[in-house]
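Notes follow the structure.
The values are calculated or read from the model by the stated rules, or taken from the named source; none is laboratory data. As the structure is a prediction and not an experimental result, all values here were calculated from the model. Reconstructed Cβ throughout: ideal geometry from the backbone, glycine too, with neighbour counts over all protein chains shown.
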């Protein structure tokens, strides 16, 4: 069992989640149960799955939850693109959040590869 708070990838994912919540506050009210909800759920799923994986026993289970987190990150990446294309996220904010997602995906991929090499 690991303390998820000590993982750099969890901290980055948590910071990204906070930034996404801030960015989506300005979305139209009619999107609250649509795109806003989808973006927030996919984003918060990333650090939540990292945390859940850390609470499990063994590298294979942690790796499985990291892969789920990676899938959520890819989903978030698309939702951010859609929000930008719909004019809900300006170019600067989109670039910042998109780069954050890409960094988290890279970190997750490296962590998964490391765990698989150890197994």
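What are the residues in the stretch 110-119 that are surrounded by fewer than 15 Cβ atoms within 10 Å (Cβ to Cβ) and assigned to a helix (DSSP H, G or I), if any?
110, 113, 114, 116, 117, 118
Which of the residues that make up the stretch 72-83 are under 11 Å from the mean Cα position of the chain (by Cα) and surrounded by 15 or more Cβ atoms within 10 Å (Cβ to Cβ)?
72, 73, 75, 76, 77
Exactly one of (1) touching a residue at least 60 places away in the same chain (Cβ under 8 Å); (2) under 21 Å from residue 18 (Cα atoms) is unmet by residue 79. Its number?
Result: residue 79 passes all but (1).
Out of all the residues in the stretch 54-75, is one or more in contact (Cβ under 8 Å) with a residue 60 or more places away in the chain, outside any helix (DSSP H, G or I) and out of contact with any strand residue (DSSP E or B) (no Cβ under 6 Å at 6 or more places or on another chain)?
no
Quick check: is even one residue across the stretch 35-45 in contact with a helix residue (DSSP H, G or I) (Cβ under 9 Å, 6 or more places away or on another chain) and over 20 Å from residue 68 (Cα atoms)?
Checked the stretch 35-45: at least one residue is in contact with a helix residue (DSSP H, G or I) (Cβ under 9 Å, 6 or more places away or on another chain) and over 20 Å from residue 68 (Cα atoms).
Yes or no: residue 45 assigned to a helix (DSSP H, G or I), farther than 14 Å from residue 10 by Cα and at pLDDT 95 or above?
Criteria not met by residue 45.
Taking the stretch 18-37 as the search range and keeping residues that are assigned to a helix (DSSP H, G or I) and surrounded by fewer than 18 Cβ atoms within 10 Å (Cβ to Cβ), which one is modelled with the lowest pLDDT?
Residue satisfying both the conditions and the ranking: 31.
Please determine, by comparing only the residues of the stretch 84-97 that are touching a helix residue (DSSP H, G or I) at 6+ places or on another chain (Cβ under 6 Å) and either over 17 Å from residue 13 (Cβ atoms) or without any contact (Cβ under 8 Å) to a residue 60 or more places away in the chain (or both), which one is surrounded by the most Cβ atoms within 10 Å (Cβ to Cβ).
Taking the candidates together, the pick is 89.
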